[in-house]
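Structure, as structure tokens:
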Amino acid sequence: MTLSIGSAAPDFELLDQHGEKVSLSSFKGKKNVVIVFYPFSFSGLCTGELCTLRDDLAPFQNDNVQLLAISCDAMYAQRAYADKEGYKFPVLADFWPHGAAAKAYGVFDDAHGCAVRGTFVIDKAGILRWQVVNGLGDGRNIADYKTAISAL
């Protein structure tokens, strides 16, 4: 499935690293949302990307914007990962049904059983305003989604 800019973003409800339910719709009317799908917790490139966000969190998590990081790892793995790396943003488990959110956003890699590197910026109305999808081994440039957020 390919999402179109200007279309409603698919809703989801996933567990964060603390076992709390987080849904995209819970931010509707309140905050813009940056969704960062990543392949695997504890992998080098994924850790580097999420630590870059951790170290420059203010543009991505504030009164106007919420960052959500999502992989197909289990909630317990997400907890260990977030604790180890000091992530102060929700790290969501798209574990079961396996990859359902990633599939809804068109970023699930069936051959590897994980999400590829998809980034989505959704406005307060729940409308997709920006997206970029990178392959498993292709890192992202956070300056690109800083620009997308500032355009909201």
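The values are calculated or read from the model by the stated rules, or taken from the named source; none is laboratory data. Quick caveat: nothing in here was measured; it's all calculated off a predicted structure. All Cβ positions, even for glycine, are placed from backbone atoms using ideal geometry, and neighbour counts span all protein chains on display.
In region 61-71, of all residues being assigned to a strand (DSSP E or B) and out of contact with any Asp or Glu (no Cβ under 7 Å at 6 or more places or on another chain), the one that is surrounded by the fewest Cβ atoms within 10 Å (Cβ to Cβ) corresponds to VAL65. Step by step: first the residues of region 15-27, then only those that are hydrophobic (A, V, I, L, M, F, W, C) and either at pLDDT below 95 or touching an Asp or Glu at 6+ places or on another chain (Cβ under 6 Å) (or both), then the one that is nearest to ARG129 (Cα to Cα). Which residue is that? Here the residue is LEU24.
Restricting attention to region 81-106, the residues being surrounded by 21 or more Cβ atoms within 10 Å (Cβ to Cβ) and more than 11 Å from the chain's Cα centre (by Cα) number 3.
For region 131-149, the set of residues classified as modelled with pLDDT of 90 or more and of a type in the set (Ser, Thr, Tyr) consists of THR147 only. Listed by first and then second residue, the pairs with beta-carbon distance under 9 Å, at least 6 apart or on different chains, first residue in region 124-148 and under 19 Å from PHE27 (Cα atoms), second surrounded by 13 or more Cβ atoms within 10 Å (Cβ to Cβ) and basic (Lys, Arg), are LYS124/LYS28; LYS124/LYS31; ALA125/LYS28; GLY126/LYS28; ALA148/ARG129. Tallying residues that are under 21 Å from ASP110 (Cβ atoms) and outside any loop (DSSP other than H, G, I, E, B) within region 72-88 yields 1.
When GLY48, GLY6 are checked against the criterion of being surrounded by fewer than 17 Cβ atoms within 10 Å (Cβ to Cβ) and at pLDDT below 95, a single residue qualifies: GLY48. All conditions in (1) modelled with pLDDT under 95; (2) crowded, with 21+ Cβ neighbours inside 10 Å hold for SER43, with the sole exception of (2). Filtered by the rule that a residue be more than 14 Å from PRO39 (Cβ to Cβ) and under 16 Å from the mean Cα position of the chain (by Cα), region 70-80 gives ALA74, MET75, ARG79. So for region 57-64 (the condition being within 14 Å of SER41 (Cα to Cα) and aliphatic (A, V, I, L, M)), does at least one residue qualify? No, there is no match, as no residue in region 57-64 is within 14 Å of SER41 (Cα to Cα) and aliphatic (A, V, I, L, M).
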